[in-house]
1. So who's got an amide H within less than 5 Å of the one on residue 100, skipping anything under 5 residues away but keeping other chains? H placed 1.01 Å off N, in plane.
2. Would you grab the residues whose amide H sits under 5 Å from the one on residue 80? Only those 5+ places off in sequence or on another chain, please, with H modelled 1.01 Å from N.
3. So what are the radius of gyration and Dmax for the Cα set of the stretch 46-104, in Å?
4. In terms of the Cα gyration tensor, with a ≥ b ≥ c the square roots of its eigenvalues, is the stretch 9-119 rounded because a/c is under 1.5, prolate because a/b exceeds b/c, or oblate?
5. What figure, in Å² to the nearest 10, do you get for the accessible area of residue 30 with a 1.4 Å probe and non-protein molecules left out?
6. With a 1.4 Å probe and every protein chain left in place, tell me how much accessible area residue 45 has, in Å² to the nearest 10.
7. Can you give the net charge of the other residues whose Cβ lies under 15 Å from the Cβ of residue 49, counting K and R as +1 and D and E as -1?
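The values are calculated or read from the model by the stated rules, or taken from the named source; none is laboratory data. All values derive from a computational prediction rather than experimental measurement. A quick note on method: Cβ atoms are made from the backbone with ideal geometry, for glycine too, and the neighbour counts reach across all protein chains shown. To get the accessible areas, we keep the full protein, side chains included, count just its heavy atoms, and leave off ligands, DNA and RNA. Shrake-Rupley method; radii C 1.70, N 1.55, O 1.52, S 1.80 Å.
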Amino acid sequence: ELAAARRTQRPGDVVSVTFAGSAFLPQYNEAEMAHTLADVQTAVRDLVTAFCAHAGVSPVAGEAFATSLENEAAVFLDSNLGDVDRLVQQLWTSAQRLACAPISRELSFILNEAIRVDR
């Protein structure tokens, strides 16, 4: 529904698509919840890699960012008894930033950008 609306969209048009009609909902319903540090790390690394490709950011910068988030996650889980739900919150609010000149981006921005460009 969203993809069809975007193909016919003209400047100034308002596209009215609901969450129920998004491409995100079926994928969300089919996805398995992260249960381990490895699950979270894989999802974050995939998200960062896709963002770098989308935004023209160096894969080397993406790799460094993902590694810094993985290190933060490991330290967090050690002190929080492996609580993966809290880990995801911690990463969402992390101050780590992906260096992509002339600005830098936090993981929360990257996730929001993925949602914005969802087709």
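1. Here 105 satisfy the definition.
2. Here the answer is none, since no amide H 5 or more places off falls under 5 Å of that of residue 80.
3. Here Rg and the maximum Cα pair distance are 12.5, 38 Å.
4. Here the stretch 9-119 falls in the oblate category.
5. That residue has around 150 Å² of solvent-accessible surface.
6. Accessible area of residue 45: about 60 Å².
7. With Lys, Arg at +1 and Asp, Glu at -1, the net is -2.
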